[in-house]
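Computed from the coordinates by the stated procedures, all read-outs in this text should not be read as laboratory data. Not measured: the values here are computed from a predicted model. All Cβ positions, even for glycine, are placed from backbone atoms using ideal geometry, and neighbour counts span all protein chains on display.
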């Protein structure tokens, strides 16, 4: 039997796992502010630093839905997200309240040095929007920005959409007890040694 690959696979499965999590912008860290201060939140071991940029005075614009983009006056224009470790973004949850009076939706783009999606839009009810999964490297910035050019005159004053959350996954290390690691190593080495049975007579 070739035991080494088997035990190696078992050991690997015990040292890491993928977990699905939510970066929720209804968190109090993102409460409405004026002055452009960053906000940092930690979700399942990953620290996200979020920088807001808005018309008028930079800062977050938040309500029960989440972050408000394009609200009258000095609405948010984009946010920059930096993670403390590699994460994979999978989907986004939001709503477009401007569709109550306009037929053209508010559009959003996502970019981390590579364009991840363009023209993303939400519906009149809170809902999840999928995009092609992408991995944001630790320390890199992902920019989620509102596109107000969908039609002539479609500006932040005439648009409003809420960003509630991003779904993401990360790989977290799980410490493997030293005794267990030694056991798997020993068993794997035993699997490499195949002694031929002695022949009698």
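Below is a table of values for the structure above.
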{"read-out": "Ranked 50, 41, criterion: other C-beta atoms within 10 Å, fewest first", "value": "41, 50"}
{"read-out": "Highest average packing first - 94-107, 75-88, 121-134, Cβ atoms within 10 Å", "value": "75-88, 94-107, 121-134"}
{"read-out": "Semi-axis lengths, Å, the stretch 23-174, gyration tensor of Cα atoms, sqrt of 5 times eigenvalues", "value": "25, 17, 13"}
